[in-house]
Amino acid sequence: MYELVLLAPEAAVEMVSDALVALDALSVSVEDADALTPSEQALFGEPGMPAPKAGWNRSRVVALFQTEAEAREAAALLIVQDFFEGCEVLGVQAVVEQDWVRLTQSQFDPVEITPTFWIVPSWHEPPAAAQQVIRLDPGLAFGTGTHPTTRMCLRWTAQQGAQGQRVLDYGCGSGILAIGAAKHGAREIDAVDIDPAAVEATRLNAAANHAQLNAGLPDRALGEYDLVLANILATPLKVLAPLLCSHVRAGGHLVLAGILARQADELREAYAPWVTLSVSDEEDGWILMTAVKA
């Protein structure tokens, strides 16, 4: 494998990238050429921000080709194009062969939720102190326990327990919250998501963890539950307020995540007709909001 490395101004990034794809590049990646310098730009921010631009002021464009000849031919063809003005070919170089599976695995270690509750990739042995373990491999599902919102939800369930409870995981993604409830004694669990791929991922992950649950589309959620978990984002959580609250039985718990600390008042207001939300946990600017239905 060989990579062709280019330098392009923001205005040319999209055209250059499209041209590389047309020239049979196996992949094209774009990164900030000024990364790790005082000129570095942040293009990708919080949910709700405007869509990011196609590239940075100075973008490093890397295209992967099967052979050196293909990479050099692509460079030669690009140089003579009008849209390549202001761009620069930085070089063609061989890509070092690596065991990509082993390299990827080396980046993920077990994740501690509590001292006795851990998320452990399949290639690791559980820590000696782990009494409850969720087996979940990063990259194979939508939610792997590495994000603060997921950790806070799991930590709440571990600390409060779910023994004998009927649980709803709304927007289940990988099913990790539903599996966490199963590990802590829930008697009946419905895990629902609008994405069929997430439903399938949940079923596979539940089977791998010997967790009994019912996974399906949102119409699978029926009746009232002792515990309703929803780790989504603030905007859909506000829209879903009446629906989620309708699924919480009297005396039951509502646990919401995917909320930035500055969004707490918005959520309190949206849920005020049904429950009184409070902040139960906070990590890296994200908060966990919970309520007990009167």
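The values are calculated or read from the model by the stated rules, or taken from the named source; none is laboratory data. What you see is a predicted model; the values in this text were computed from it and never measured. Don't worry about glycine lacking a Cβ; one is built from the backbone with ideal geometry, like all the others, and counts go over all protein chains shown. When the accessible area is computed, the model is the full protein with side chains, heavy atoms only, and any ligands, DNA or RNA have been set aside. Shrake-Rupley method; radii C 1.70, N 1.55, O 1.52, S 1.80 Å.
Report, to the nearest whole %, how much of the accessible area of the chain belongs to carbon and sulfur atoms, 1.4 Å probe, protein only.
On the chain, the fraction of accessible area on carbon and sulfur atoms equals 53 percent.
Give the relative contact order (percent, whole number) for the stretch 205-278; include only Cα pairs under 8 Å separated by 6+ residues.
Computed value for the stretch 205-278: 31 percent relative contact order.
Determine how many Å³ per residue the convex hull of the Cα atoms of the chain encloses.
That works out to 161 Å³ per residue.
By its C-alpha gyration tensor, with a ≥ b ≥ c as the square roots of the eigenvalues, how is the stretch 217-294 shaped: rounded for a/c under 1.5, else prolate for a/b larger than b/c, else oblate?
prolate
Could you work out the Rg to Rh ratio of the stretch 52-91, with Rh taken as the Kirkwood radius (inverse of the mean 1/r over all Cα pairs)? Walk me through the intermediate numbers first.
On the way: Rg = 11.5 Å, Rh = 11.6 Å.
So for the stretch 52-91, dividing Rg by the Kirkwood Rh gives 0.99.
Quote the relative contact order of the stretch 114-211 in percent (integer), defining contacts as alpha-carbon pairs under 8 Å separated by 6+ residues.
The value is 24 percent.
Report the calculated FRET efficiency for Glu283 and Ser246 (r = Cβ-Cβ distance, R0 = 25 Å), to the nearest 0.05.
Given R0 = 25 Å and the Cβ-Cβ separation, E is 0.30.
Probe of 1.4 angstrom, ligands and nucleic acids ignored: what's the accessible area per residue over the stretch 113-248, in square angstrom?
Values: 5620 Å² over 136 residues.
Heavy-atom SASA per residue in the stretch 113-248 reads 41 Å².
What residue among Ala234, Ala75, Ala211 shows peak mean-square fluctuation when the chain is described by a Gaussian network model with Cα springs under 10 Å?
Ala75
Put a dot 7 Å past each Cα toward the Cβ at Ala272 and Leu7; how far apart are the dots in nm?
Label-label distance for Leu7 and Ala272, simple model: 5.5 nm.
What spacing in nm lies between the two simple spin-label points modelled at Ser27 and Thr114, each 7 Å away from Cα in the Cβ direction?
According to this spin-label approximation, the distance is 3.9 nm.
Which three lengths, in whole Å and largest first, does the stretch 138-258 cover when its Cα atoms are put on their principal axes?
Cα spread of the stretch 138-258 along its principal axes, largest to smallest: 36, 31, 27 Å.
Can you give me the relative contact order of the stretch 108-293 as a percent, contacts being Cα pairs under 8 Å and 6 or more apart?
Worked out over the stretch 108-293, it gives 17 percent.
Peptides 263-276, 1-14: what's the order by average Cβ count within 10 Å, highest mean first?
Packing proxy ranking, top to bottom: 1-14, 263-276.
Based solely on its DSSP helices, what 222 nm [θ] is calculated for the chain when runs of n ≥ 4 H residues each add -39,500 (n - 2.57) and the sum is averaged over all residues, nearest 500 deg cm²/dmol?
Dividing the helical sum by the residues of the chain leaves -8500 deg cm²/dmol.
Could you give the size of the charge dipole of the chain about its Cα centre, using +1 on the Cβ of each K and R and -1 on the Cβ of each D and E, expressed in debye and rounded to the nearest 20?
1540
Quickly work out the Trp123-to-Ala207 label distance, labels modelled 7 Å from Cα along the C-beta direction, and quote it in nm with one decimal.
With each label placed 7 Å out from Cα toward Cβ, I get 2.3 nm.
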